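Just below is one structure, and these are the notes that go with it.
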């Protein structure tokens, strides 16, 4: 690279399951709060990027995680950032190393992957977004319809993007 990086993006995937957990909750001794579940084990699978400089988050939903879905997500990333060099920081998932990506990366040299060391999720800043998402709208909540989980996630992403300075303060300042 020639030192003219325009965008530093942290990328990761996350699954939000339809059965929620009790997290950091107070209740009288011996009277644990119960959260209903419908136990279907459905998931909302998310792929997201966090822009280190602007605090803007892009999150895309997928039915599954595989190389084809990741390639489609990368095409969207290039459309969201049509100009400038992009460095994408990501983990070592097999999907991120798939041979299918080689031709795409060669055809789009302004996109460069920077792989984190194995087993170092604390270095990937978007991991903090997934925890924030779960703390804010998933944990300690029962959604009586699965579509409401998706709605809550979309509202959260919209809210986060309406206050990018808070996102930077919460997720990016620590580096």
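Just for helices (runs of 4 or more DSSP H) wholly inside segment 90-175: which have at least 1 residues that are in contact with a strand residue (DSSP E or B) (Cβ under 6 Å, 6 or more places away or on another chain) and surrounded by 15 or more Cβ atoms within 10 Å (Cβ to Cβ)?
On the way: elements: 100-107, 126-133, 146-162, 164-167.
Result: 126-133, 146-162.
Would you confirm whether or not segment 11-30 contains a residue that is modelled with pLDDT of 90 or more, over 15 Å from the mean Cα position of the chain (by Cα) and surrounded by fewer than 19 Cβ atoms within 10 Å (Cβ to Cβ)?
Taking segment 11-30 first, the residues modelled with pLDDT of 90 or more are 11-14.
Subsequent filtering for residues that are over 15 Å from the mean Cα position of the chain (by Cα) retains none.
Checked against the condition, which is being modelled with pLDDT of 90 or more, over 15 Å from the mean Cα position of the chain (by Cα) and surrounded by fewer than 19 Cβ atoms within 10 Å (Cβ to Cβ), segment 11-30 yields no hits at all.
The values are calculated or read from the model by the stated rules, or taken from the named source; none is laboratory data. Note that the structure is predicted; figures quoted are calculated from it, not measured. Every residue, glycine among them, receives a Cβ derived from its backbone with ideal geometry; neighbour counts consider all protein chains shown.
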